[in-house]
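These notes concern the structure reproduced below.
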């Protein structure tokens, strides 16, 4: 994924009342994502060798997937690096063959949007896109297709615009931000991590 520098207007309103996702505590996830704003200020898609588990590049940089990875680690203690690696080793053929790899690569696999989409679908977190309207709740994870056929991912905030549209915590090219982009691009995935889905992730972690 390469950087796509876009500027959006940001209209914040008061935080939403807590939405109940039984046991999943979306407020902790959104808070952990929001804590990255002003810390992760560089979009850096370069390949890097990481520690394992819990590997990361410096927090001042990253890509869209790093917002989700860091929020799940900081907020819920879930390591997507290890979860993706273990699930890919169990069934490598279930994951997209887009990068010419013959085996899992624990340095980069979890930092690729299609792999996270596959993992979230395999643990039962995917919500249908064609039955609406499905509400977008704080802590939900959304994926989009950007111009140039680029994949993007972010987390639904507990804040909304004045028009009532949930904001998104993400990194689209200028570091971690909280912005009004939910309907700016075609949505390709909507995922919700409730009690069962979190348990399945932790079983891989």
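No value in this document is a laboratory result; all are computed from the given coordinates. All of these numbers come straight from a predicted model, not from anything done at the bench. With ideal geometry, Cβ positions are generated from the backbone for all residues, glycine too; neighbour counts draw on all protein chains shown.
Here the peptides 112-123, 50-61, 178-189 are ranked by packing, the mean other Cβ count within 10 Å, and the order with the highest first is 112-123, 178-189, 50-61. For the chain, the longest principal axis of the alpha carbon atoms and the long axis of helix 80-90 meet at an angle near 40°. Using the empirical formula 2.2 N^0.38 Å as the baseline, the Cα radius of gyration of the chain reaches a ratio of 0.95.
Estimate the FRET efficiency between residue 52 and residue 145 by the formula 1/(1 + (r/R0)^6), using the beta-carbon distance for r and 41 Å for R0, to the nearest 0.05.
That pair, residue 52 with residue 145, gives E of 0.85.
With distances taken between every two different alpha-carbon atoms, segment 115-157 has a Kirkwood hydrodynamic radius of 11.6 Å. With contacts taken as Cα pairs under 8 Å and at least 6 residues apart, the chain reaches a relative contact order of 32 percent.
Each Cα pair under 8 Å and six or more residues apart adds its sequence gap; the mean of these over the residue count of segment 158-205 is a relative contact order of 22 percent.
Would you kindly state how much longer the chain becomes between residue 60 and residue 130 on full extension, computed as 0.36 nm times their sequence separation minus their alpha carbon distance, in nm to one decimal? Can you show the working numbers first?
Values: separation 70, 0.36 × 70 = 25.20 nm, distance 3.73 nm.
This chain segment gains 21.5 nm when fully extended.
Can you give the extra length, in nm with one decimal, that the chain gains between residue 31 and residue 101 once fully stretched, where that is 0.36 nm per residue apart less the Cα-Cα distance? Let's see the in-between values first.
Values: separation 70, 0.36 × 70 = 25.20 nm, distance 3.50 nm.
Roughly 21.7 nm would be gained on extension.
Placing dummy labels 7 Å off each Cα toward the beta-carbon, the span from residue 74 to residue 183 is 3.0 nm. Among beta bridges identified by DSSP and lying wholly in segment 26-204, the antiparallel ones come to about 90 percent.
Show that you can apply the helix-only estimate: for the chain, add -39,500 (n - 2.57) for every DSSP H stretch of four or more residues, divide by all residues, and state [θ] at 222 nm to the nearest 500.
It lands at -7500 deg cm²/dmol.
At q = 0.18, 0.19, 0.20 Å⁻¹, what is the log10 ratio I(q)/I(0) for segment 118-205, with the Debye formula run over Cα points and no solvent? For the requested q values the scattering log ratios are -0.84, -0.92, -1.01.
I need the peptides 198-204, 62-68 ranked by packing, meaning the mean over residues of other C-beta atoms within 10 angstrom, with the highest value on top.
Details: 198-204: 16.4, 62-68: 25.6.
Sorting 198-204, 62-68 by mean packing, highest first, produces 62-68, 198-204.
Let me make sure I get this right: for segment 42-132, a, b and c are the square roots of the gyration tensor eigenvalues over alpha carbons, sorted descending. Under 1.5 in a/c it's rounded, otherwise prolate if a/b > b/c, else oblate. Which is it?
On the way: a/c = 1.57, a/b = 1.20, b/c = 1.31.
Cα axes put segment 42-132 in the oblate bin.
Cα centroid separation, segment 136-197 to segment 51-95: 18 Å. Between helix 64-76 and the chain there is an angle of about 90 degrees, using the helix long axis and the longest principal axis of the Cα atoms.
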